[in-house]
There are 2 protein chains.
Amino acid sequence: MTEELTPLGAALRDALDGRRWAWLRRQIRSELDVPRLLPDPGLSMEQHRAWVSDHLRDLAATPHPKYSFPERYGGSGDLGASAVSFEMLGHADLSLLIKCGVQWGLFGGAVYNLGTRAHHEEYLTRIVSGELPGCFAMTEVDHGSDVQHLETTATYDECSGEFVLHTPGAGARKTYIGGAACDARMAVVFAQLETRGEQHGVHALLVPVRDEQGAVLAGVEVADNGVKAGLNGVDNGTLAFDHVRVPRKGLLSHYGDVAADGTYSSPIENPDRRFFTMLGALVRGRISIGGAAGSATRTALSIAVRYGLQRRQFTRPADRAEVVLLDYLTHQRTLLPRVATSYALAFAQDRLVGRLHDVQSTEKRDQRLQRELETRAAGLKAVATWHATQTIQACREACGGAGYMAGSRLPTLRADTDVFTTFEGDNTVLLQLVAKGLLTHYRAMWGDLDTLGMVQFAARQFGGTAIERTAARGLVQRLVDAVPGRDDDLPLLDRGWHLRLFEDRERHLLDTLAQRMRAGAEPGADAWQVFNQAQDHVLHAARAHVDRVVLEAFVDGIAECPDPRAQEVLSRLCDLHVMANLEADKGWLLQHDRLSPGRAKAVTAQVNQLCEQLRPDALALVEGFGIPRAWLCSSLVPDP
Amino acid sequence: MTEELTPLGAALRDALDGRRWAWLRRQIRSELDVPRLLPDPGLSMEQHRAWVSDHLRDLAATPHPKYSFPERYGGSGDLGASAVSFEMLGHADLSLLIKCGVQWGLFGGAVYNLGTRAHHEEYLTRIVSGELPGCFAMTEVDHGSDVQHLETTATYDECSGEFVLHTPGAGARKTYIGGAACDARMAVVFAQLETRGEQHGVHALLVPVRDEQGAVLAGVEVADNGVKAGLNGVDNGTLAFDHVRVPRKGLLSHYGDVAADGTYSSPIENPDRRFFTMLGALVRGRISIGGAAGSATRTALSIAVRYGLQRRQFTRPADRAEVVLLDYLTHQRTLLPRVATSYALAFAQDRLVGRLHDVQSTEKRDQRLQRELETRAAGLKAVATWHATQTIQACREACGGAGYMAGSRLPTLRADTDVFTTFEGDNTVLLQLVAKGLLTHYRAMWGDLDTLGMVQFAARQFGGTAIERTAARGLVQRLVDAVPGRDDDLPLLDRGWHLRLFEDRERHLLDTLAQRMRAGAEPGADAWQVFNQAQDHVLHAARAHVDRVVLEAFVDGIAECPDPRAQEVLSRLCDLHVMANLEADKGWLLQHDRLSPGRAKAVTAQVNQLCEQLRPDALALVEGFGIPRAWLCSSLVPDP
């Protein structure tokens, strides 16, 4: 049975489906049985884990896990499709999704991206089929964000031709490792590599941790992380290694190899750069999390908006009729700007996936494009996951007590996505990386420069911050160039002005940040201290950068939309997204004379007015998210 | 074993303990066995419910439930102590706390406050002892916030001398009723009272729902609300009544009685006012939730700050040493302003409890003071519970993956408190009530005026908004009067300027709001529409009011602190609280010329500087919250 959408809802959905992987979104929409992939929220941790394991096996038989692997290993070699498939699976149970992400994204992805042909031949087919369940053991108790300094050691023993993998202390235990507590047979373990008494930095090794019967192997110690805020279907655990011997070929040696005699070799000489190149190869994980955050957010908004369209409370004195929640301005202001920003982020995510596909599908990767991709992935992951946390929370509150009941789905969405702001890179750390990358034109992004070097480099660049290009730049430039006169004279909804203002904000924040770095570059100055004292500025600059990139993606998405009515509504949504953004950042804009006081007041009035304008199309706006009503499975959205 | 605190921590704790119920806080701190009152986070819903029922019985034997009831029924007649005891119990399992709140606060409180001597004699002793478990059935499926329009009916049948209690449709089922799913033997049921064909508005009846063996009585239908986001130890359920007969004396008749012949009588003629007076008698629930939110927030901050003082990540280039998280400015900015605001709210809560005690302990209540109390309770409940939601979330994120593990306690604190923003009054609705009360000098606060009347009244008052007094007004006035000259010349940390600015912001927002109401008071205007279109303004005005009241309480608390070093640190905390508040509201302040651009930039610099200044005392600041280390029970805070 196909769902009847409003014509506007259908046109908006087509716009969000994008161009390149619309076929896949449509296919999954018609084929995926989401209600079957949502377990009872009352399951115990053990039951939920078992449920996930069962359904993971079922999914292994579908095309979902296969997109990112080459055909010779049972895959279909379409990176973009892989990210889109992950995003669409984000409408099912998120424990199941994360478990898929561990098996095929992190574990399989590490073997594929960090390993060599020999590793691929030996393992990939069984990884793709799910026969060989694995995990990805990077984070340690004492080192989560700063993985470069993790402490597990892999020391090469020339006599036996093996690595000795060892956990030197409690702080070096691998922790929060999805799959470690129960299911994983092998682990990709990140450790400090030492051969012939020389340190070569962090490398990844493929290490058996359980036998075919699931018994933990000798020298391996496993503990269970137990109950978590959410994602309780994922068996997170700790792993420790007591002088575990790993054959030499267990080293995933694409970026660094050890010969039988212990000679180390690598195509990348600088160890920092080597490490960050390895991490960069795994950028897909970060992009996938941003995508899943988007799906969960759009589900929550679909539920809350539909509920707000039915639920009535308090009477209007004029006619004593009870007022629909979404007729209250506060309710509109809670939900509609978040709907608008969710459109913006969906367009940005779609373009990011396109970049991922283009940059990483080529044999010889362009280093600058790869680094741009990494910055953008980091920035968008941070912004999209914070948006998810805040929006799902707002949806819960907007549904009142009903939204607190597990049957509404909002509690599960909220709890499961909560850790998205932390894993695959803590958001605050990610935004700092974004700012560092921008300040140094990516020179220092992944470790060529330490803080001092970064500060010195940035200080020299003062005044010359380059605005990084997006796919939409041609269009954006035309719109910006068409803006006449002074800001104060322009209509608030002039798109060219929006684009110019977002760009100007980013540039100003970066320029003044570079200027502050000068103090840190002075001889005798404490560069760390200078950078630390500017952290609020750093985060704001990174945020402004992401905001600009997202806006340009939205503008591009509008331009590509063939349906005139949908294009018109998308344009209003974009206005609302921009106005809400300016309203939230009003302090800075006024302080820096980017808005006059009168114009600032008008921004708030405009948010209210746009809410009122978009209100009649609220249902179509959430239909446009392309989530079939049957997928919502919420007590707040009764069957039609 | 007594815990060693830093001298500063001990002095801060004494300051927060206040004057009137410090004895009780100290007593509970030394006697309550919190670790025994925190269940395993992995319990199933059924196990958690059973655990709560067991521990509720234990608590019934302690003084905790007794404070709010008169001595003749086993109580001790100290309302303030009742609120403080509830706040302190907020360090134990929050399901247990809420179940206590249902039994003794809502159920017992309704019988006590809405019933007559006869009801007290018959029920209170058994309610206080826990022998008679009850529930409070107000919210209906279709009416949560707008309880005045709930649909359950209680029709008096003169022939039998009974009320016929009836649920006219699915939307009239009582829902989310704590205790209804399993434990309650009786329910206080709110219903539209009808006698002799006349409507008298909502009244409360005491209705048996289960027999001594726990079997549901005939005509009563019970359903289980099932799993929730949190508070799963509370058995929330729905209740429906099919022409259930309730004896005449079942009416809790303090505010409205029905004679045997069906004659209705009430000391309050206006039905709206009667209803809101009944609700007002139950204001303690709202105050208690604000208190519990404070306890949970301070626990979360205690955990996160202590973790931030131990946890290290990334090395400082100068000495290659790993940096403690709380040395990062971002981390300080995440936690320390929230610590400061938690102090502010704790002082405000303490003063609110004092008011509750004074206003409600007298036989003949002062109506104006009662209404002020209700506004303040509503406003502080909203602000404190949003602060809880946001702060506990910030703490979770600040603790990274470790904060996502149930063993850290942060997930449970987060999930359990989430509904605090909704129950005992949806926060958005509460802030609207606050603004309405202020706009009409409490005339319309509880129902004398509908929206049109309120708008008309407010419009007439333009320019004359009265600033409601707090206990600290004498001191505040002296500080404000001592402020010389123009704002721009004053030091940013001048307390008199802070007080004047907060008061000025409140007054301006209220005056301009009253001005906007004028349009709604014009003949032919749609008053509802005018009020609705000003909702963002309404919420901001209410918020500004609460902010002012909270600041005055903080200033009062500092003045009362006898320890000079603690007083100095409290003053820095108050500065940080104020600066963070101004930073968050910078847009409005700049827009309305309350801050110059230069001064606005200085506010941000000042937040950073105050964080740096307070950083060395971080441990003492959380020790000052007065939560014994042994009560934290968090994997992130190892035993000393």
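The values are calculated or read from the model by the stated rules, or taken from the named source; none is laboratory data. In this text, all values refer to a predicted model and were calculated from it rather than measured experimentally. Neighbour counts are summed over all protein chains in view; Cβ atoms, including those assigned to glycine, are modelled from backbone coordinates with ideal geometry.
Suppose we filter A:ASP488, A:ASP448, A:ASP494 for residues that are of a type outside the set (A, V, I, L, M) and modelled with pLDDT of 85 or more; which single one remains?
A:ASP494
Count, please, the residues in segment B:409-430 that happen to be more than 9 Å from every other protein chain (Cβ to nearest Cβ) and either more than 19 Å from B:PRO41 (Cβ to Cβ) or part of a helix (DSSP H, G or I) (or both).
Number satisfying all stated conditions: 7.
Residue-wise test of (1) surrounded by fewer than 23 Cβ atoms within 10 Å (Cβ to Cβ); (2) under 30 Å from B:GLU612 (Cβ atoms); (3) touching a Pro at 6+ places or on another chain (Cβ under 8 Å).
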| position | (1), (2), (3) |
| --- | --- |
| A:ARG473 | yes, no, no |
| A:GLY485 | yes, no, no |
| A:ALA527 | no, yes, yes |
| A:LEU539 | yes, yes, no |
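I need every pair where a residue in segment A:37-52 that is within 12 Å of chain B (Cβ to nearest Cβ) has its Cβ under 7 Å from the Cβ of a residue that is part of a loop (DSSP other than H, G, I, E, B) and of a type in the set (S, T, N, Q), sequence separation at least 6 or different chains.
From segment A:37-52, the pairs are A:SER44/B:SER44; A:MET45/A:ASN232; A:HIS48/A:ASN232.
Yes/no per residue for (1) within 14 Å of chain A (Cβ to nearest Cβ); (2) farther than 26 Å from B:ALA605 by Cα; (3) without any contact (Cβ under 8 Å) to a residue 40 or more places away in the chain:
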| position | (1), (2), (3) |
| --- | --- |
| B:ALA471 | no, yes, no |
| B:LEU475 | no, yes, no |
| B:ASP488 | no, no, no |
| B:LEU509 | yes, yes, yes |
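Among (1) away from chain A (no Cβ under 14 Å); (2) not in a helix (DSSP H, G or I), which single condition is B:GLY496 missing?
(2)
Within segment A:589-598, which residues are touching a residue at least 12 places away in the same chain (Cβ under 8 Å) and buried (at least 19 other Cβ atoms within 10 Å of the Cβ)?
A:LEU589, A:LEU595
Just one of the numbered conditions (1) assigned to a loop (DSSP other than H, G, I, E, B); (2) out of contact with any helix residue (DSSP H, G or I) (no Cβ under 6 Å at 6 or more places or on another chain); (3) at pLDDT 95 or above is not true of B:THR62; which one?
B:THR62 satisfies every listed condition except (3).
For segment B:390-408, state whether one or more residues are at pLDDT 95 or above, within 9 Å of chain A (Cβ to nearest Cβ) and on the phi > 0 side of the Ramachandran plot.
Looking through segment B:390-408, at least one residue is at pLDDT 95 or above, within 9 Å of chain A (Cβ to nearest Cβ) and on the phi > 0 side of the Ramachandran plot.
Go through (1) small (Gly, Ala, Ser); (2) within 14 Å of chain A (Cβ to nearest Cβ); (3) farther than 30 Å from B:LEU573 by Cβ; (4) surrounded by 21 or more Cβ atoms within 10 Å (Cβ to Cβ) and name the single condition B:ALA514 misses.
Unmet condition: (2).
Of everything in segment A:103-162, what is among the aliphatic types (A, V, I, L, M) and under 23 Å from A:ASP235 (Cα atoms)? Give them in sequence order.
Passing the criteria: A:LEU106, A:ALA110, A:VAL111, A:LEU124, A:ILE127, A:VAL128, A:LEU132, A:ALA137, A:MET138, A:VAL141, A:VAL147, A:LEU150.
Go through (1) more than 13 Å from every other protein chain (Cβ to nearest Cβ); (2) over 15 Å from the mean Cα position of the chain (by Cα); (3) touching a residue at least 12 places away in the same chain (Cβ under 8 Å) one by one and return the number of the condition B:GLN367 breaks.
(3)
Filter segment B:628-640 for residues that are in a helix (DSSP H, G or I) and surrounded by fewer than 19 Cβ atoms within 10 Å (Cβ to Cβ) and give the result.
Result: B:ARG629, B:ALA630.
Can you find, within segment A:583-627, the residue that is farthest from the other protein chains (Cβ to nearest Cβ) among those that are of a type in the set (D, E, K, R) and outside any helix (DSSP H, G or I)?
Checked segment A:583-627; the qualifying residue farthest from the other protein chains (Cβ to nearest Cβ) is A:ARG594.
Within segment B:376-390, does at least one residue satisfy the condition of being touching a Phe, Trp or Tyr at 6+ places or on another chain (Cβ under 8 Å), without any contact (Cβ under 8 Å) to a residue 60 or more places away in the chain and closer than 24 Å to B:MET138 by Cα?
Among the residues of segment B:376-390, not one is touching a Phe, Trp or Tyr at 6+ places or on another chain (Cβ under 8 Å), without any contact (Cβ under 8 Å) to a residue 60 or more places away in the chain and closer than 24 Å to B:MET138 by Cα, which makes the answer no.
Being more than 26 Å from the chain's Cα centre (by Cα) and among the basic types (Lys, Arg) is the filter; apply it to segment A:511-552 and report the residue that is farthest from A:ALA471 (Cα to Cα).
Checking each candidate, the answer is A:ARG518.
Residues in segment B:542-565: is at least one within 14 Å of chain A (Cβ to nearest Cβ), surrounded by fewer than 23 Cβ atoms within 10 Å (Cβ to Cβ) and modelled with pLDDT of 95 or more?
yes
Which strands (runs of 3 or more DSSP E) does segment A:231-321 wholly contain that include 2 or more residues that are more than 14 Å from chain B (Cβ to nearest Cβ) and in contact with a strand residue (DSSP E or B) (Cβ under 6 Å, 6 or more places away or on another chain)?
Hits in segment A:231-321: A:236-241, A:244-247.
Somewhere in segment B:78-92, is a residue closer than 21 Å to B:ARG25 by Cβ, surrounded by fewer than 24 Cβ atoms within 10 Å (Cβ to Cβ) and in contact with an Asp or Glu (Cβ under 8 Å, 6 or more places away or on another chain)?
Within segment B:78-92, none of the residues are closer than 21 Å to B:ARG25 by Cβ, surrounded by fewer than 24 Cβ atoms within 10 Å (Cβ to Cβ) and in contact with an Asp or Glu (Cβ under 8 Å, 6 or more places away or on another chain).
Quick check on my filter: what residues within segment A:327-362 are more than 15 Å from B:THR428 (Cβ to Cβ), touching an Asp or Glu at 6+ places or on another chain (Cβ under 9 Å) and either free of Cβ contacts under 8 Å to residues at least 12 places away in the same chain or within 14 Å of chain B (Cβ to nearest Cβ) (or both)?
A:PRO337 - this is the single residue of segment A:327-362 that is more than 15 Å from B:THR428 (Cβ to Cβ), touching an Asp or Glu at 6+ places or on another chain (Cβ under 9 Å) and either free of Cβ contacts under 8 Å to residues at least 12 places away in the same chain or within 14 Å of chain B (Cβ to nearest Cβ) (or both).
Of A:VAL353, A:VAL429, A:VAL339, A:VAL383, which residue is touching a strand residue (DSSP E or B) at 6+ places or on another chain (Cβ under 9 Å) and of a type in the set (Val, Ile, Thr)?
A:VAL429
Being free of Cβ contacts under 8 Å to residues at least 60 places away in the same chain and buried (at least 18 other Cβ atoms within 10 Å of the Cβ) is the filter; apply it to segment A:60-75 and report the residue that is nearest to the other protein chains (Cβ to nearest Cβ).
A:HIS64
Per-residue answers, yes or no, for (1) touching a helix residue (DSSP H, G or I) at 6+ places or on another chain (Cβ under 7 Å); (2) closer than 25 Å to A:LEU509 by Cβ; (3) surrounded by fewer than 21 Cβ atoms within 10 Å (Cβ to Cβ); (4) among the polar types (S, T, N, Q):
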site	(1), (2), (3), (4)
B:GLU568	no, no, yes, no
B:GLU583	yes, yes, yes, no
B:ALA602	no, yes, yes, no
B:ALA605	no, yes, yes, no
B:GLN613	yes, no, yes, yes
B:GLY624	yes, no, no, no
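Among the residues of segment A:217-273, write down those that are among the aliphatic types (A, V, I, L, M), within 25 Å of A:GLU121 (Cα to Cα) and touching a Lys or Arg at 6+ places or on another chain (Cβ under 9 Å).
Listed by number, the residues that qualify are A:LEU217, A:VAL258, A:ALA259, A:ALA260, A:ILE268.
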